[in-house]
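Step one of this worksheet: look at the structure below.
The values are calculated or read from the model by the stated rules, or taken from the named source; none is laboratory data. In this text, all values refer to a predicted model and were calculated from it rather than measured experimentally. Don't worry about glycine lacking a Cβ; one is built from the backbone with ideal geometry, like all the others, and counts go over all protein chains shown. To get the accessible areas, we keep the full protein, side chains included, count just its heavy atoms, and leave off ligands, DNA and RNA. Shrake-Rupley method; radii C 1.70, N 1.55, O 1.52, S 1.80 Å.
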Amino acid sequence: MKALSLCIIENGLVPDGLKSRFGSYPDMIRQWLSPSLPEASFDECSPVSGEALPAADAYDGYLLTGSRHSSYEDGDWIRDIRQFLRQAIDLERPVFGICFGHQIMADAFGGQTIKADNGWGVGAQEYTASLGMPNDKAGVFVFHQDQVTSVPPAAKVIGGSAHCPNGVLEYSFPALSVQFHPEFPAEYVETLANKYGGDVIPTDTSQAAIASLKNIPVDNTRLASNVAGFFRKWTESG
């Protein structure tokens, strides 16, 4: 297989006190995706920490993490990511986005993200997504309040949930994104629900989220295989 160089763009930081147990968001992505994409090497860049983004042609492809920030915020680093994404696509570098990554990709390519009227999505949800087979249903981990409400012209919706209908976007150029978190372990989702329940997240929402983790099975390995295939397809054709 062709060796691939991928860069993970870190848009959010694991809350204080949890990194020693769970690692960073780039660490979680490596742990999730590496078994399905062993030919890839992973670097990382942290614009949320003030690091400059690489040149758009510096890597074979890019992955964007989630974040506590909103993609519609007006920070310099967020504007820089939007511009970077357009440059990467002009160079046909494949990009895969998660949560905030999903949202900022939609914003960069002509869609819109807003704070959702239906509130927080936390815990495990059942998604319908054609990531391998039509109308395939699977449990996924979610933790978000914002949603993509206007789909970019070059994108089509290939998955979502009752709570988040525009949950998986596939573009006519080398871009794919998901609102959910395939890189999260269940223990991390439960820890966040407990940490923020009754404060950032309504208590009943956090309690329902913890219950959902026991009721909806989640297996993120299949999506890892699909994302690995996405990067192979676009880098081998490039």
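Here are the numbers for the structure shown:
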item: The chain: most fluctuating residue of Ser225, Ser67, Ser49 per GNM, C-alpha cutoff 10 Å; result: Ser49
item: In degrees, nearest ten, helix 76-90 long axis to first principal axis of the chain (Cα); result: 50 degrees
item: Placed amide H near Ala40: partners under 5 Å, 5+ positions off or other chain; result: Leu4
item: Sequence-distant residues sharing a close amide H with Thr113 (under 5 Å, placed H); result: Thr149
item: Degrees, to the nearest 10: 203-215 long Cα axis against longest axis of the chain; result: 70 degrees
item: Spin-label pair Ile114/Arg222, simplified geometry with 7 Å Cα→Cβ offset, distance in nm; result: 3.3 nm
item: Sum of -39500 (n - 2.57) over DSSP H runs of 4+, divided by residues of the chain (222 nm, nearest 500); result: -10000 deg cm²/dmol
item: Whole-number Å³ per residue for the convex hull built on Cα positions in segment 51-107; result: 76 Å³
item: Cα-projected label distance for Asp57 with Asp80, points at 7 Å along beta-carbon direction, nm; result: 2.1 nm
item: Area of Lys156 that stays accessible when all protein chains are in place (1.4 Å probe, Å², to 10); result: 120 Å²
item: Dimensionless Rg over Rh [segment 29-135; C-alpha; Kirkwood]; result: 0.97
item: FRET efficiency estimate (nearest 0.05) - Cβ-Cβ, Asp199 to Glu92, R0 41 angstrom; result: 0.40
item: Hz values of 3J(HN,Hα) by residue in segment 6-13 - Karplus curve (6.51, -1.76, 1.60), Gly and Pro given as x; result: 10, 10, 8, 8, 8, 9, x, 10
item: Using a Förster distance of 22 Å, the FRET efficiency for Lys214-Gln145 (Cβ separation, nearest 0.05); result: 0.45
item: Three-way shape label, segment 1-86, alpha-carbon gyration tensor, a/c 1.5; result: oblate
item: Cα-only radius of gyration and Dmax that characterise the chain, units Å; result: 16.5, 49
item: In Hz, Karplus ³J(HN,Hα) per residue of segment 47-54 (6.51, -1.76, 1.60; θ = phi - 60°; x = Gly, Pro); result: x, 5, 9, x, 6, 6, 5, x
item: Accessible surface of segment 179-238 [probe 1.4 Å, protein heavy atoms]: carbon and sulfur percent; result: 51 percent
item: Cα-based reach from Lys137 at 26 Å (exclusive), listing lysines while leaving out same-chain residues under 8 positions away; result: Lys115, Lys156, Lys214, Lys233
item: Integer Hz, Karplus 6.51/-1.76/1.60 couplings in order for segment 190-196, x for Gly and Pro; result: 5, 4, 5, 4, 5, 5, 9
item: Separation of the Leu18 and Met1 label points, Cα + 7 Å toward Cβ, nm; result: 3.0 nm
item: Percent antiparallel among DSSP beta bridges (both partners in the chain, rounded to 5); result: 50 percent
